[in-house]
Amino acid sequence: MESLARLRAVIPLMLGVWTATSSGAEEALLPPPPVISPAPSAGIPNLNGIWDSEPIRTEDQIRALLGGNLPPFTPYGLERYRNHDPAADPTGLCQPGGPGRAFHTPFPFQIVQTDGLVTFLFEAYHDYHRVFVDGRTRPEFLETRWWGYSVGRYEGNKLIFETTGLDPRSWLFTAGLEHSGELKLTHVFEKTGPDTLVVTETFDDPMFFTKPWSISYGLRREAFDLLEHICMDNNRELLEGLYVPKSSSSQ
């Protein structure tokens, strides 16, 4: 323990947000990340590690989570869903998946907890998402983002966070569920065992849905590391017909 203390004393603290050549004018509009230190502290569930789930991609899988029903679409939302173009899937163009679908893809992700901040590192597209749990509120002025802006809190064995400011170009599921810029997306990560979580996602978007609706699914902590998954810049496999879904491929 004494040698560890000496080591900490000589290691420079490099945590935080850094920039090389920027005026910082745009960044100054947002509150800075919290001063971070090792976590979790007492009373906070330990969610650190690599997590994986069974993917939720098709309409049948969504129906199975909703008692055989579709989400409660508005007429406009149902029209958009029934007429969506699978070739317009943003991830087929190497655009971010966003938090509406990131946690139930075929790819694992890592949770990193620090004081006041939870960071999700995704194998898919080598992407990341931050959730601030330092007591802040959503900034009054915030541009839309692929990943939105997330603030949350811990309640017992749960991490609860709300994401707003989501770019309407993202999809909620691979099946083609879209949303507006008014979407409020709530996640609850509940620790149910040493290496298990139940995630509940609630979608609240009056333009696309008549009422908020939720799905729940399980996660398991894995004993492996993330791989590097890079999407080629300007990937056009969907637009040019190079990708054929298994359901329509020849047997």
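Read-outs: derived from the displayed coordinates by stated rules, not from any lab. Predicted model, so just to flag it, every value in this text is computed and none were measured. Every residue, glycine as well, gets a Cβ built from its backbone with ideal geometry; the counts of neighbours run over all protein chains shown.
Amide H to amide H, with H built 1.01 Å from N, Arg169 comes under 5 Å of no residue 5 or more places away or on another chain. Between His229 and Thr210, the contour length at 0.36 nm per residue exceeds the alpha carbon distance by 3.1 nm.
Listed by Cβ neighbour count within 10 Å, with the fewest neighbours leading, His126, His187 appear as His126, His187. Computed extension length for Val112-Glu59: 15.9 nm, one decimal, from 0.36 nm per residue of separation with the Cα-Cα distance subtracted. One decimal place: the segment Glu182-Val198 gains 3.2 nm when fully extended, by the rule 0.36 nm per residue minus the C-alpha distance.
Amide H to amide H, with H built 1.01 Å from N, Leu70 comes under 5 Å of no residue 5 or more places away or on another chain. The modelled label-to-label distance between Arg153 and Leu66, using points 7 Å beyond Cα along the C-beta direction, is 2.9 nm.
In this Cβ point-charge picture (+1 for Lys and Arg, -1 for Asp and Glu), the stretch 49-241 has a dipole of about 500 debye about its Cα centre.
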